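Student: Here it is, the structure, as structure tokens.
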Amino acid sequence: MAQLRWLGALFLCFAHSSLAQQTSPPAPTTGQSTAPARTPPITLIPRTHEEREDRYLAQHRILLNVLVTDASGKRVTGLKQEDFTLLDNGQPQKVVSFRAVKGSVGFAPVRIVLMLDAVNNSTRDINRDSRSIEHFLKQGQGLLTYPTSIAILTSAGTRIGQPFRDRDAVTGELRMFSKGVHEFDCADQDQLQHVVSLWGISGTGLDGIRPDPKGDCLNQRFRRSVSALKSYATEQTSVPGRVILIWIGPGWPLLLSRGFRPDSEALKQNFFDNLVELSTSLREAQVTLDAVFSPDLFRTVQARSDHDDAFLNGVPTKDQVTASSMGLQVLAHQSGGLILVVGKNLEGEIAQCIADADSYYVLSFDSPPAAGPGEYHSLQVKVNKPGLTVRTNTAYYAQP
């Protein structure tokens, strides 16, 4: 359908190739014979066995941040490596490294990012959320426990502040970022042209038919939001340490109606490739994504049904992928983050998300080689003590 094809166009990949520059030999002087230019031999860079092993491990070692709580929600400390069992597609895997983390101790402390979403929230909600964040920052005394940044997503893109532990410094950036910010206006043609230029697509669907205004607006919000998250995660893959990204608001449109479902093999593959890349970037960057003020359709873990879990746990193949596979709540669940439904205490929900960094465990294992790129693997971590709950990444996409 026209709406779907418009959405699919944003994920078309463009290959950028570069040709090696060759310099022509100088023209021969009179009386000199010419010889054909010889192509220099290809030189292979030798790698030792250790170098090959290191390269393989960098591509296949999976790092998991694991939170364990008791029946009252209190974090459980003092566990040992032998207390954990790690299942990859239901098969036990050897835990190759184990570390218990307590608070901000370590060479790379957890970083907190508070994301204000002006693309998917109203101006009133943005102002309300800004006031709640400022009230949260004023609740304590002294320095913040973890370096904290303010981020905001607007029609102009994403702006992320510097991480500070000083409460006044974070408050100052919050006021600066949120001043004069308005909700996203889908009717802004200048911004539409910006998106067209960014993605290299025309202002029509792939069949030359312009989508209806409502569908076009949903698509704009979807691709701006997903692009922002994907860019942030990609940038963070080279930064040591864990990030707790608290996304405030309902998130981007899930595009659940049938008109937005992929209807061609190429489009399905494109959706799936982008899902694999986004999911992998979040995991490799150690981003725990929390969805705060989510809509009621995402209930607490205790109240969710099997149908809810099947939706949140991800899709194994391209034939099952939809735009909603990249929804905020889906990605939050798969990252081991929290999904907190609409409430009246944003300050308390922010504190709840940050508390995940106070005590947790870091486990790693080596992923078995995949049969092909983007092979879906379910993950489960269990503790051999009764009455405990474990929260961590629920899936990953393996590579050959």
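Here, each number is a calculation from the coordinates, and none is a lab measurement. Keep in mind it's a predicted model, so treat the numbers as computed, not measured. All Cβ positions, even for glycine, are placed from backbone atoms using ideal geometry, and neighbour counts span all protein chains on display.
Student: Mind grabbing the base-10 log of I(q)/I(0) for the range 122-180 at q = 0.19 Å⁻¹? Debye formula, identical points on the C-alpha positions, no solvent, two decimal places.
Tutor: Treating every Cα as an identical point scatterer, log10 I(q)/I(0) equals -0.67.
Student: Can you tell me how the range 99-148 classifies by the Cα gyration tensor, rounded, prolate or oblate, using a/c under 1.5 as the rounded cut?
Tutor: oblate
Student: Same structure again: Distance between the C-alpha centers of the range 345-373 and the range 74-125? Whole Å please.
Tutor: 2 Å
Student: Hey, another quick one. Classify the range 216-290 as rounded, prolate or oblate from the Cα gyration tensor: take a ≥ b ≥ c as the square roots of its eigenvalues, call it rounded if a/c is under 1.5, otherwise prolate when a/b beats b/c and oblate if not.
Tutor: Cα axes put the range 216-290 in the oblate bin.
Student: Show which lysines lie in cross-link reach of residue 385 when reach means a straight Cα distance below 23 angstrom and same-chain residues fewer than eight apart are skipped.
Tutor: 74, 80, 94, 102
Student: Ordered by packing density, taken as the mean number of other Cβ atoms within 10 Å over each peptide's residues, highest first, how do 69-78, 383-392 rank?
Tutor: Final packing ranking: 383-392, 69-78.
Student: Rounded if a/c is under 1.5, else prolate if a/b beats b/c, else oblate: with a ≥ b ≥ c from the C-alpha gyration tensor eigenvalues square-rooted, which is the range 70-179?
Tutor: Note, shape of the range 70-179 comes out prolate.
Student: Give me the lysines in straight-line cross-link reach of residue 268: C-alpha distance below 27 Å, same-chain residues under 8 apart excluded.
Tutor: Partners found: 214, 230, 318.
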